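What follows is a set of notes on a single structure, which appears directly below.
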């Protein structure tokens, strides 16, 4: 890969990324292409994973500010209007939470944290449950439920 600033060949290395969110500072050494002129390029995938890890850590820390909520929403790649629909609130409510005009709803924060943690684990369980609530399936007849008696 050639440097966009000077045109020289870049080499593989690491670049320290720092993010400050909701009073917490998060640090990670990211794989990067580095040039002798000081330019560096980090691929999207590791940056996305870093932001998602921050969102998960914010959930685990119990961060509940508008800043934390907005960061987490963006880290999971969801538009405010789409999240509002899943949470059964108007988009303006999400905006008010994110700008600090209103305290973030406790339940909404829990749901957003669960979505972020699911994504970190490569799952969609919380999103699937929210979507099912929006469009419930109609059970017809018997529904077979499998039990793992060994786990009980």
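Look at region 16-39 and say how many of its residues are over 30 Å from residue 103 (Cα atoms) and either at pLDDT below 95 or not in a strand (DSSP E or B) (or both).
5
Can you tell me how many residues in region 95-125 are more than 17 Å from residue 80 (Cα to Cα) and in contact with a helix residue (DSSP H, G or I) (Cβ under 8 Å, 6 or more places away or on another chain)?
Total satisfying the criteria: 6.
What single numbered condition from (1) surrounded by 13 or more Cβ atoms within 10 Å (Cβ to Cβ); (2) in a loop (DSSP other than H, G, I, E, B) fails to hold for residue 148?
Tallying (1) surrounded by 13 or more Cβ atoms within 10 Å (Cβ to Cβ); (2) in a loop (DSSP other than H, G, I, E, B), residue 148 fails exactly one: (1).
Please specify each residue of region 16-36 satisfying the condition of being closer than 13 Å to residue 46 by Cα and touching a helix residue (DSSP H, G or I) at 6+ places or on another chain (Cβ under 9 Å).
Answer for region 16-36, where residues must be closer than 13 Å to residue 46 by Cα and touching a helix residue (DSSP H, G or I) at 6+ places or on another chain (Cβ under 9 Å): 17, 28, 30, 31, 32.
Enumerate the pairs (first residue in region 131-144 and at negative phi and surrounded by 10 or more Cβ atoms within 10 Å (Cβ to Cβ); second residue anywhere and at pLDDT 85 or above and not in a loop (DSSP other than H, G, I, E, B)) with beta-carbon separation below 6 Å, excluding pairs fewer than 6 apart on the same chain, so at least 6 apart or on different chains.
none
All but one of (1) more than 16 Å from residue 75 (Cα to Cα); (2) surrounded by 11 or more Cβ atoms within 10 Å (Cβ to Cβ) hold for residue 43, so report the exception by its number.
Every condition holds for residue 43 apart from (1).
Does region 85-95 hold any residues that are more than 23 Å from residue 57 (Cα to Cα) and without any contact (Cβ under 8 Å) to a residue 24 or more places away in the chain, and which are they?
Once the filter is applied, which keeps residues that are more than 23 Å from residue 57 (Cα to Cα) and without any contact (Cβ under 8 Å) to a residue 24 or more places away in the chain, region 85-95 yields 88, 89, 90, 91, 92, 93.
Just the residues that are within 22 Å of the chain's Cα centre (by Cα) and in contact (Cβ under 8 Å) with a residue 40 or more places away in the chain, please, taken from region 1-22.
Passing the criteria: 21, 22.
The values are calculated or read from the model by the stated rules, or taken from the named source; none is laboratory data. Keep in mind that what you see is a predicted model, and the values were worked out from it rather than measured. Counting neighbours? That spans all protein chains shown, and the Cβs are built from the backbone with ideal geometry, glycine included.
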